[in-house]
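My questions will all concern the structure given below.
The values are calculated or read from the model by the stated rules, or taken from the named source; none is laboratory data. Source: prediction; values computed, not measured. Cβ sites come from the backbone with ideal geometry, for glycine too, and all protein chains shown count toward neighbours.
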Amino acid sequence: MKKDKLNPKDNQDNPEIFNAAVLKKIQQVRNSQPSIEVLISGILSGEISALSRAITLIESNNKNHFAKANSIINTCLPYANQSVRIGITGVPGAGKSTFIEAFGKHLSSLGKKTAVLTIDPTSSISHGSILGDKTRMDELSKDPNTYIRPSASGDTLGGVARKTRETIILCEAAGFDVIIIETVGVGQNEIAVHSMVDFFLLLQIAGAGDELQGIKRGVIEIADAIVINKSDGDNIAKTEQAKAELNRALHFFPPKKSGWTPIVSSCSAKNHQGITEIQQIITDYIELTKSNTYFDKKRAEQNEFWLLETINEQLKQNFYGNTEIQNLLEKTKKAVQNNESSPFAAAQLLIETYFNSKDQSCS
C-alpha cells in the first residue's frame, strides 16, 4: 500500500528527530538583538541584514526600542543625504510595481544602488497588510544592487509608513544612491510622501475614463512628472490623447518654486520602453534644482516639517499611552455615544485630565 505523505501516521517508520534544546537555542538566536554598535557598523558597511534589523527596530512600538532607534538614526545621520529620493504614486492598476521593477533594473545597469520602500495599505478591519511587493517585483528583488523593504502604512495618512522618514536615513547611510518610495494610492494626502522626496512622479494610465477625473487636483499640483504607463499595442493612440489632455491641464497650474516645468511622458514598463527617458527627466530636474539652490532649500524645509510632525506624533502617543486617559477614554466614549456629553466637551475633559496627570507627576 502506498504511503500518504500528508498523513503523519503513515510515516512513523522514519520519525523526525525533535530536540527541544536545539529548538530553544534557535529561538534565542532569532530573538536576540545585536548591539547598537554592531548594527551601526553593519549599516555603514552596507550589510543588508543589519539594515533590515535596524529598520525593524525603528518601526517597533516597544518603548524599550525607542532610545536604541534614536541612537542608530543620530549616528547614521552624518552619512545620509547623499541620495536622490523619488516618490512614486498612481491610480490603482497603473502598474506601479511593474514600473518600479523596470526602473530599478535600469538604475542597476548604470551601477546605482537602489532602495525601494514600498508601503502596503493596512486593513481598517483586521489591521493587517499583505506586504507582497517582493513577490510583485520578483526580478528586482534578486538584484544585488537593489534592496526592497515593504512596510505597513498603519493609520498614517499620506500613504507612507510611520517610520519611512527614518528608514530613508538608514538606507542612505548604507550607501544607496537612489531611494524610491511607492505610496499606497492616490489622493490629497500624498503631501506626506511629497514632503520627504526630491522628485515626485505620478503614474497614470490611458483609456480608463476621464484621465483628469481619475486623480485629484492636489496630486497633479505637486507632481514633477506625469508618466502614462502601458503605452503599447492598441493603447498607444489613447496614450497620446491622454498626454495632450494632461499637458493642457498643466498650463492652468501656477509655476513651481523650483523653476521646473512638469513634464508629461509615457512608457511601457512591461516592455522596458521609455524608462531611459524618464530617468533622464529626473536627472535634468536634480541638476536644475541643485544649480538654483532649490534642492537644498527644499530638504531644509522638509527637515523642519518632520520635526513638527514628530512632535505631533509623540504627543499623540504619550496621550493615548497615559494610564488615566486609557481608563477614562472608554467612559467618555460611552457618554458621547449616548448623547450624555458632546464630543467637544469630552475631548476637553480628556485633555485637561492628561495635563493634570503630567503636572502631578512632575511635582
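Search the stretch 170-199 for residues that are outside the structural domain of residue 118 (by TED's automatic domain parsing) and pair each with any residue that is at pLDDT below 95 when their beta-carbon atoms are under 6 Å apart and the residues are at least 6 apart or on different chains.
Taking only residues 6 or more apart or on different chains, not a single pair turns up.
Could you list, in sequence order, all residues of the stretch 99-136 that are surrounded by fewer than 18 Cβ atoms within 10 Å (Cβ to Cβ), modelled with pLDDT of 90 or more and not in a loop (DSSP other than H, G, I, E, B)?
Scanning the stretch 99-136 gives 106, 108, 109.
One residue is enough: does the stretch 250-264 have a residue meeting the conditions among the hydroxyl-bearing types (Ser, Thr, Tyr), surrounded by 15 or more Cβ atoms within 10 Å (Cβ to Cβ) and under 30 Å from residue 94 (Cα atoms)?
Scanning the stretch 250-264, I find at least one residue that is among the hydroxyl-bearing types (Ser, Thr, Tyr), surrounded by 15 or more Cβ atoms within 10 Å (Cβ to Cβ) and under 30 Å from residue 94 (Cα atoms), so the answer is yes.
Among the residues of the stretch 222-274, count how many are in a loop (DSSP other than H, G, I, E, B) and closer than 15 Å to residue 103 by Cα.
Total satisfying the criteria: 4.
I want to confirm something. Restricting to the stretch 289-308 and keeping residues that are in contact with a Ser or Thr (Cβ under 8 Å, 6 or more places away or on another chain) and without any contact (Cβ under 8 Å) to a residue 60 or more places away in the chain, which single residue is surrounded by the fewest Cβ atoms within 10 Å (Cβ to Cβ)?
Residue satisfying both the conditions and the ranking: 292.
Pairs needed: first member in the stretch 336-363, of a type in the set (Ser, Thr, Tyr); second member anywhere, assigned to a helix (DSSP H, G or I) and at pLDDT below 90; C-beta distance under 9 Å; at least 6 residues apart or different chains.
354/318
Next question, about the same structure. Filter the stretch 50-79 down to the residues that are closer than 15 Å to residue 34 by Cβ, within 19 Å of the chain's Cα centre (by Cα) and without any contact (Cβ under 8 Å) to a residue 12 or more places away in the chain and list them by number.
Of everything in the stretch 50-79, those that are closer than 15 Å to residue 34 by Cβ, within 19 Å of the chain's Cα centre (by Cα) and without any contact (Cβ under 8 Å) to a residue 12 or more places away in the chain turn out to be 56, 60.
Return a yes/no flag: does the stretch 262-284 have any residue that is charged (D, E, K, R), out of contact with any Cys (no Cβ under 7 Å at 6 or more places or on another chain) and at pLDDT below 95.
Yes - at least one qualifying residue is present in the stretch 262-284.
Which residue pairs have Cβ atoms under 9 Å apart, sit 6 or more places apart or on different chains, and have a first residue in the stretch 271-284 that is assigned by TED's automatic domain parsing to the domain that holds residue 85 and a second that is basic (Lys, Arg) and in a helix (DSSP H, G or I)?
272/105; 275/105
While we're here: Could you please find all residues in the stretch 37-62 being farther than 13 Å from residue 167 by Cα and acidic (Asp, Glu)?
Within the stretch 37-62, 37, 47 qualify.
Turning to a different aspect of this structure: Which of (1) outside any helix (DSSP H, G or I); (2) surrounded by 15 or more Cβ atoms within 10 Å (Cβ to Cβ) does residue 340 not meet, given it meets every other one?
Among (1) outside any helix (DSSP H, G or I); (2) surrounded by 15 or more Cβ atoms within 10 Å (Cβ to Cβ), residue 340 violates only (2).
Also: Against the definition (within 23 Å of the chain's Cα centre (by Cα) and either part of a helix (DSSP H, G or I) or at pLDDT 95 or above (or both)), how does residue 23 come out, yes or no?
The answer is no for residue 23.
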